[in-house]
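Enquirer: Handing you a structure now.
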Amino acid sequence: MINTLQKYLPERAVAPCSALIKQNNVHLKIVNERVTRHGDYRRMLNGAHQITVNANLNKYRFLITLVHEIAHLVAFEKFGRRIKPHGREWKQTFQYMMLPFIRPEIFPSQLLPLLANHFRNPKASSSTDARLSIALKSYDPGEADITYIYEVPTGSVFRIYNGKIFKKGNRRVKRYECVEVESGKIYLFQPNAEVEVIEK
(Lines give C-alpha, C1' and ligand atoms only; values in the text may rest on other atoms or scores of the structure.)
Protein backbone atom coordinates (compact mmCIF):
# COMPACT_ATOMS: atom_id res chain seq x y z
CA MET A 1 0.00 0.00 0.00
CA ILE A 2 2.80 2.45 0.93
CA ASN A 3 4.48 1.95 -2.46
CA THR A 4 1.22 2.74 -4.27
CA LEU A 5 0.46 5.79 -2.12
CA GLN A 6 3.95 7.22 -2.74
CA LYS A 7 2.99 7.72 -6.41
CA TYR A 8 -0.10 9.76 -5.56
CA LEU A 9 0.48 11.67 -2.30
CA PRO A 10 2.89 14.28 -0.92
CA GLU A 11 5.79 12.39 0.72
CA ARG A 12 4.98 13.40 4.31
CA ALA A 13 1.30 12.40 3.90
CA VAL A 14 1.99 8.78 2.86
CA ALA A 15 2.47 7.21 6.34
CA PRO A 16 -0.50 8.95 8.04
CA CYS A 17 -2.79 8.15 5.07
CA SER A 18 -1.68 4.53 5.09
CA ALA A 19 -2.50 4.39 8.81
CA LEU A 20 -5.97 5.91 8.20
CA ILE A 21 -6.67 3.32 5.47
CA LYS A 22 -5.63 0.40 7.72
CA GLN A 23 -7.35 1.75 10.83
CA ASN A 24 -10.67 2.14 8.99
CA ASN A 25 -10.38 -1.12 7.02
CA VAL A 26 -10.63 0.69 3.68
CA HIS A 27 -10.34 -1.03 0.31
CA LEU A 28 -8.80 1.76 -1.82
CA LYS A 29 -9.21 1.63 -5.60
CA ILE A 30 -7.40 4.15 -7.79
CA VAL A 31 -9.49 4.51 -10.95
CA ASN A 32 -9.51 6.25 -14.34
CA GLU A 33 -10.72 9.85 -14.47
CA ARG A 34 -14.41 10.54 -13.90
CA VAL A 35 -15.40 14.05 -14.95
CA THR A 36 -18.23 14.37 -12.42
CA ARG A 37 -16.29 13.39 -9.28
CA HIS A 38 -12.81 13.11 -7.83
CA GLY A 39 -13.65 10.14 -5.60
CA ASP A 40 -16.39 8.27 -3.77
CA TYR A 41 -17.10 6.07 -0.77
CA ARG A 42 -19.49 3.15 -0.62
CA ARG A 43 -20.19 0.45 1.87
CA MET A 44 -20.29 -2.88 0.05
CA LEU A 45 -22.94 -5.58 0.61
CA ASN A 46 -20.40 -7.65 2.55
CA GLY A 47 -19.81 -4.71 4.95
CA ALA A 48 -16.42 -3.76 3.47
CA HIS A 49 -15.62 -0.07 2.90
CA GLN A 50 -14.58 0.82 -0.66
CA ILE A 51 -13.11 4.20 -1.57
CA THR A 52 -12.24 5.15 -5.13
CA VAL A 53 -10.04 8.11 -6.08
CA ASN A 54 -9.24 9.30 -9.60
CA ALA A 55 -5.69 8.45 -10.70
CA ASN A 56 -5.24 11.71 -12.64
CA LEU A 57 -5.45 14.05 -9.61
CA ASN A 58 -2.37 15.98 -8.55
CA LYS A 59 -0.97 14.87 -5.18
CA TYR A 60 -2.57 17.70 -3.18
CA ARG A 61 -6.06 17.15 -4.59
CA PHE A 62 -5.59 13.38 -4.23
CA LEU A 63 -4.84 13.85 -0.51
CA ILE A 64 -7.88 16.11 0.06
CA THR A 65 -10.12 13.68 -1.87
CA LEU A 66 -8.86 10.61 -0.01
CA VAL A 67 -9.41 12.22 3.41
CA HIS A 68 -12.82 13.57 2.24
CA GLU A 69 -13.97 10.03 1.41
CA ILE A 70 -12.56 8.44 4.58
CA ALA A 71 -14.39 11.19 6.53
CA HIS A 72 -17.68 9.90 5.03
CA LEU A 73 -16.93 6.42 6.35
CA VAL A 74 -15.89 7.68 9.82
CA ALA A 75 -18.92 10.03 10.10
CA PHE A 76 -21.37 7.26 9.11
CA GLU A 77 -19.77 4.84 11.60
CA LYS A 78 -19.81 7.41 14.41
CA PHE A 79 -23.15 9.16 13.85
CA GLY A 80 -25.18 6.54 11.95
CA ARG A 81 -26.27 6.12 8.35
CA ARG A 82 -29.11 8.66 8.54
CA ILE A 83 -26.89 11.73 8.58
CA LYS A 84 -26.69 13.92 5.47
CA PRO A 85 -23.66 12.93 3.34
CA HIS A 86 -22.21 16.46 3.52
CA GLY A 87 -23.98 17.65 6.67
CA ARG A 88 -22.67 19.01 9.96
CA GLU A 89 -21.34 15.65 11.23
CA TRP A 90 -19.35 15.01 8.06
CA LYS A 91 -17.97 18.59 8.02
CA GLN A 92 -16.73 18.27 11.63
CA THR A 93 -15.19 14.87 10.88
CA PHE A 94 -13.48 16.14 7.69
CA GLN A 95 -12.11 19.23 9.49
CA TYR A 96 -10.74 17.09 12.33
CA MET A 97 -9.16 14.56 9.96
CA MET A 98 -7.57 17.21 7.66
CA LEU A 99 -6.09 19.30 10.47
CA PRO A 100 -2.87 17.22 10.84
CA PHE A 101 -2.22 17.55 7.09
CA ILE A 102 -2.54 21.36 6.74
CA ARG A 103 1.16 21.96 7.35
CA PRO A 104 4.04 23.39 5.28
CA GLU A 105 5.78 19.98 5.18
CA ILE A 106 2.81 18.63 3.19
CA PHE A 107 1.21 21.53 1.26
CA PRO A 108 2.99 24.41 -0.55
CA SER A 109 2.88 27.66 1.44
CA GLN A 110 0.63 29.41 -1.13
CA LEU A 111 -2.09 26.78 -0.59
CA LEU A 112 -2.08 26.90 3.22
CA PRO A 113 -4.18 30.09 3.73
CA LEU A 114 -6.70 28.91 1.10
CA LEU A 115 -6.97 25.51 2.80
CA ALA A 116 -7.34 27.12 6.23
CA ASN A 117 -10.18 29.26 4.87
CA HIS A 118 -11.85 26.33 3.07
CA PHE A 119 -11.80 24.11 6.15
CA ARG A 120 -13.62 26.65 8.31
CA ASN A 121 -16.72 25.31 6.55
CA PRO A 122 -15.78 22.58 4.03
CA LYS A 123 -18.04 22.15 0.99
CA ALA A 124 -19.22 18.91 -0.63
CA SER A 125 -16.46 19.41 -3.21
CA SER A 126 -13.28 21.49 -3.14
CA SER A 127 -14.19 22.39 -6.75
CA THR A 128 -17.04 24.63 -5.50
CA ASP A 129 -14.45 26.77 -3.67
CA ALA A 130 -13.27 28.63 -6.77
CA ARG A 131 -10.12 30.20 -5.28
CA LEU A 132 -8.90 26.91 -3.79
CA SER A 133 -9.83 24.95 -6.91
CA ILE A 134 -7.89 27.28 -9.23
CA ALA A 135 -4.88 27.21 -6.87
CA LEU A 136 -4.99 23.39 -6.75
CA LYS A 137 -5.27 23.16 -10.55
CA SER A 138 -2.04 25.11 -10.90
CA TYR A 139 -0.30 21.89 -9.77
CA ASP A 140 -1.92 19.80 -12.54
CA PRO A 141 0.32 18.78 -15.44
CA GLY A 142 -0.53 20.82 -18.55
CA GLU A 143 -2.33 23.46 -16.45
CA ALA A 144 -1.02 26.30 -18.64
CA ASP A 145 -3.44 25.23 -21.41
CA ILE A 146 -6.57 25.65 -19.23
CA THR A 147 -9.01 28.54 -19.74
CA TYR A 148 -11.45 29.34 -16.92
CA ILE A 149 -14.83 30.92 -17.51
CA TYR A 150 -14.01 33.94 -15.32
CA GLU A 151 -11.19 34.80 -17.78
CA VAL A 152 -13.49 34.79 -20.83
CA PRO A 153 -15.17 38.06 -21.95
CA THR A 154 -18.96 38.37 -21.57
CA GLY A 155 -20.69 37.36 -24.80
CA SER A 156 -18.02 34.78 -25.73
CA VAL A 157 -19.12 31.41 -27.07
CA PHE A 158 -17.44 28.38 -25.49
CA ARG A 159 -17.54 24.59 -25.34
CA ILE A 160 -17.40 22.47 -22.17
CA TYR A 161 -16.03 18.93 -21.60
CA ASN A 162 -19.20 17.18 -22.89
CA GLY A 163 -19.25 19.12 -26.19
CA LYS A 164 -22.17 21.42 -25.31
CA ILE A 165 -21.84 25.02 -26.48
CA PHE A 166 -22.77 28.08 -24.41
CA LYS A 167 -22.70 31.87 -24.58
CA LYS A 168 -21.35 33.63 -21.50
CA GLY A 169 -23.69 36.06 -19.78
CA ASN A 170 -23.44 38.23 -16.69
CA ARG A 171 -22.13 37.30 -13.27
CA ARG A 172 -24.83 36.58 -10.71
CA VAL A 173 -23.33 36.82 -7.18
CA LYS A 174 -20.58 34.14 -7.47
CA ARG A 175 -21.55 32.28 -10.66
CA TYR A 176 -21.99 33.16 -14.33
CA GLU A 177 -25.28 32.90 -16.24
CA CYS A 178 -24.68 31.21 -19.57
CA VAL A 179 -27.12 30.26 -22.32
CA GLU A 180 -26.86 26.87 -23.96
CA VAL A 181 -26.85 27.73 -27.68
CA GLU A 182 -28.88 24.71 -28.83
CA SER A 183 -31.70 24.78 -26.26
CA GLY A 184 -31.71 28.42 -25.10
CA LYS A 185 -31.70 27.22 -21.47
CA ILE A 186 -29.78 29.21 -18.86
CA TYR A 187 -27.15 27.45 -16.76
CA LEU A 188 -25.03 28.77 -13.89
CA PHE A 189 -21.27 28.15 -14.01
CA GLN A 190 -18.72 28.36 -11.21
CA PRO A 191 -15.88 30.84 -12.00
CA ASN A 192 -13.40 27.95 -12.13
CA ALA A 193 -15.28 25.98 -14.82
CA GLU A 194 -12.85 24.93 -17.56
CA VAL A 195 -13.94 25.98 -21.04
CA GLU A 196 -12.72 26.03 -24.62
CA VAL A 197 -13.40 29.39 -26.26
CA ILE A 198 -14.87 29.17 -29.77
CA GLU A 199 -15.38 32.87 -30.48
CA LYS A 200 -14.88 36.06 -28.48
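The values are calculated or read from the model by the stated rules, or taken from the named source; none is laboratory data. Here the structure is a predicted model, which means the values were calculated and not measured. Here the Cβ positions follow ideal geometry from the backbone for every residue, glycine too, while neighbour counts run over all protein chains shown.
Enquirer: Could you list all residues from the stretch 156-198 that are in contact with a helix residue (DSSP H, G or I) (Cβ under 8 Å, 6 or more places away or on another chain), in a strand (DSSP E or B) and among the hydrophobic types (A, V, I, L, M, F, W, C)?
Expert: Across the stretch 156-198, the qualifying residues are 158, 178, 189, 195.
Enquirer: Could you grab me the full set of residues in the stretch 107-121 that are surrounded by 17 or more Cβ atoms within 10 Å (Cβ to Cβ) and closer than 22 Å to residue 193 by Cβ?
Expert: Passing the criteria: 111, 114, 115, 118.
Enquirer: Being of a type in the set (D, E, K, R) and assigned to a helix (DSSP H, G or I) is the filter; apply it to the stretch 101-152 and report the residue that is modelled with the lowest pLDDT.
Expert: Kept after step one, since they are of a type in the set (D, E, K, R), are these residues of the stretch 101-152: 103, 105, 120, 123, 129, 131, 137, 140, 143, 145, 151.
Checking the rest, the ones that are also assigned to a helix (DSSP H, G or I) come to 131, 137, 143, 145, 151.
Values: 131: 88, 137: 87, 143: 56, 145: 68, 151: 87.
Per the stated criteria, the residue is 143.
Enquirer: Which of the following residues is closer than 25 Å to residue 106 by Cβ and of a type in the set (Gly, Ala, Ser): 71, 48?
Expert: Values: 48 fails: closer than 25 Å to residue 106 by Cβ.
None of the other options fit; the residue is 71.
Enquirer: Sort through 135, 124 and tell me the only one that's surrounded by fewer than 17 Cβ atoms within 10 Å (Cβ to Cβ), closer than 21 Å to residue 99 by Cα and assigned by TED's automatic domain parsing to the domain that holds residue 59. Working first, answer last.
Expert: Details: 135 fails: surrounded by fewer than 17 Cβ atoms within 10 Å (Cβ to Cβ).
Only one candidate qualifies: 124.
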